[in-house]
1. Using only Cα atoms, find the angle between the long axis of helix 15-32 and the longest principal axis of the chain, and express it within 0 to 90 degrees, rounded to the nearest 10.
2. Pick from Asp162, Asp42, Asp84: which residue has the top mean-square fluctuation in a GNM of the chain where Cα pairs under 10 Å get a spring?
3. Out of Glu46, Glu191, Glu107, any idea which swings most in a Gaussian network model of the chain, alpha carbons joined below 10 Å?
4. Given R₀ = 35 Å, what would the calculated FRET efficiency be for Glu61 paired with Asn96, taking r from the Cβ atoms and rounding to 0.05?
5. In the chain, with Lys and Arg counted as +1 and Asp and Glu as -1 at Cβ, which of these residues, Ala54, Gln154, Ala179, has the Cα nearest the positive end of the dipole, that is, farthest along it?
6. Evaluate the charge dipole of the chain about its Cα centre and quote only its size in Debye, nearest 20, assuming +1 on the Cβ of each Lys and Arg and -1 on the Cβ of each Asp and Glu.
7. What shape does the stretch 53-133 have by the C-alpha gyration tensor, where a ≥ b ≥ c are the square roots of the eigenvalues, rounded means a/c under 1.5, and otherwise prolate means a/b greater than b/c and oblate the rest?
8. Using helices alone, I'd like the mean residue ellipticity at 222 nm for the chain: each DSSP H run of four-plus residues gives -39500 (n - 2.57), total over residue count, nearest 500.
Amino acid sequence: MNSPTSSASSCIPWERIFEPATQSASVALGKWTRGRISLSLDEVRETSLDEVAASLPPGDEPVTMVIVGVSGEVSGQLILTFDDRSVGELIAVLLNRQVGPSETWGELEMSALAETGNIFGSAYLNAMSQCAGRRLLPSPPVIVRDYAAGALEQAVMMQALDSDEVLFCRTCLAGSGNAINVTAFFVPTVEMLALLRDSLSDAHLAAR
């Protein structure tokens, strides 16, 4: 796994926000999944939309995504992506029984996935709120079955309309063995990106 990196052109210490958020979400998801999910920050950087597209998962197969919006004065999206094996194993762990393919899922299975998004989003945004100095709340999760690359490209498009570079934050599975593979992406709007930049700048000035 790559170590977290920031764009050399911006020199913004994004890890000061996203490391605590990732750690908070990892602890919460670890408790929720009986230790089957542990997260670490893979990378956070400002880069071109083309480079973001090249970094996204291949679009050969659709994946299950749990999308949690950020509500309030500023907004964004948290996107959890699971391959088929992992999402089935996650639901089996949560419900303590075997589950069939996604076409057979009912209200109970979808509720388990939604609550996973709730727990992830609440923990992640609570830690981020402390860094940003603004209360950030999760919106109700939306469960989508689609190609990850297309969904993520669409999510970052609003940033691309305002700037040549977009903030790309990816959080991946930590550890190995019989674990559930999950990749989480954070996609802020232009307004949230400005808030996060300001909070990091204020923290830097206060530390001087």
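Derivation of every value follows stated rules applied to the coordinates shown; laboratory data play no part. Worth saying up front: this structure is predicted, and the values here are computed from it rather than measured. As a convention, Cβ positions derive from the backbone with ideal geometry for all residues, glycine included, and neighbour counts pool all protein chains shown.
1. Its long axis makes an angle of about 20 degrees.
2. Residue with maximal mean-square fluctuation among Asp162, Asp42, Asp84: Asp162.
3. In this elastic network of the chain, the residue with the biggest mean-square fluctuation among Glu46, Glu191, Glu107 is Glu107.
4. Numbers: r = 28 Å, r/R0 = 0.79.
Calculated transfer efficiency: 0.80.
5. In the chain, that residue is Ala179.
6. Working: 13 positive and 25 negative charges, 185 e Å.
Result for the chain is approximately 880 debye, rounded to the nearest 20.
7. Details: a/c = 2.58, a/b = 1.48, b/c = 1.74.
Cα axes put the stretch 53-133 in the oblate bin.
8. Values: 6 runs with 96 residues, N = 208.
So the helix-based figure for the chain works out to -15500 deg cm²/dmol.
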